[in-house]
Each structure stands twice: as structure tokens, then as C-alpha cells.
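Okay, structure first, notes after.
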Amino acid sequence: MLPTPGIDEWHEKIARDLAQGNPREMVAEDAAALEIEFGHARSALTYALELARAHRVPAAGNVMGDDVWMKLGDGRARFLLNRREAYVAIAISSQDESRARWNADERALVDAQGNRLDLGATARDAIDRLVAEWRKSPARSRVPAAAVKEDDEPTKG
């Protein structure tokens, strides 16, 4: 089997080793590529949540497992990986949930219209919208600042 561009041998090996015996086995390279694509969304959410925490912005979220999400103000972005059916459910604030399915022929996630989808870019765009809405919110000015202890300031060098 030829290596897939952009996926190194380790990703393929671990996907092949861990996916053995799965009732709906994907080709190891497809499984690895789907995991990597989901990882891009997880990475964006992790960065935003850590940055929010460091600056005491009242954000909540989860980046563990197959259900990653971030809530800021009234907005929420959620990405749910379904390995068995090879899709990612995407829910961003008030928009209807959409699904990006793995297309083995395209070797990519595709939206309902069949267009290739970059899940990392989708997550970054969703976070940008959450932040923009939060910044415009009048409730933001009513959020009390957390008491800052000199030795607990995470943004200090």
C-alpha cells in the first residue's frame, strides 16, 4: 500500500493497529486521515480554551474524546466524531447541525453538497464567530473580573 500524502507512517500504523476488529473497518489510511482531520478541530478548540483560561475569559469546553466543544457567552461550537459511520457532526451556535462525511474516493471530509471541508478551518471560523458575538454582548461587561493573586497570574512570564 502506498503512503498517503500528508500522513506519516506512524499515523497509519497506529490506525491500523487500533482499528483491527472494528465492526465497520475503514482502510487504515482513511481512519488515520479522519482522526487527523478531527484533531485539527480539537487543536483549534484547545488553543482557544487555553488562551481564554490564561486571560480569565469565562469560556467552557471539552477537548477530550470524540465530543469536543467550546461555549463562550451564548454561543457554542461542537464537533462530534462518529468513527463507525465515518462522519463529524458540526453544531455552531444557532445553525442547524451539519455532517461532514469521510469520502474515501476524495480522501477528504465532504459537506452535504460534496465540497471538501477543512475541519480545522471550520473550527477556527466558528471560534472567531463565538468571540465576535461575545465581544458585542452587553452581558460581557457584567462579568465580574476574577480575583487575581500575584502568584497565580498565568500570563506572567
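Observations, loosely collected:
- Pairs where the first residue, in the stretch 87-99, is under 18 Å from D74 (Cβ atoms) and the second is crowded, with 16+ Cβ neighbours inside 10 Å and polar (S, T, N, Q), C-beta under 6 Å, 6+ apart: none
- Answer residue from the stretch 75-107, given it is of a type in the set (A, V, I, L, M) and surrounded by fewer than 19 Cβ atoms within 10 Å (Cβ to Cβ) and is farthest from A33 (Cα to Cα) among those: A91
- Residue list for the stretch 40-74, filter: more than 13 Å from A123 (Cα to Cα), surrounded by 15 or more Cβ atoms within 10 Å (Cβ to Cβ) and small (G, A, S): A52, A59, G61, G73
- Hey, R42 under 15 Å from the mean Cα position of the chain (by Cα), modelled with pLDDT of 95 or more, part of a helix (DSSP H, G or I) and under 30 Å from P138 (Cα atoms) or not: yes
The values are calculated or read from the model by the stated rules, or taken from the named source; none is laboratory data. If you're wondering where the values come from, they're calculated on a predicted model, not measured in any experiment. All Cβ positions, glycine included, derive from the backbone under ideal geometry; neighbour counts span all protein chains shown.
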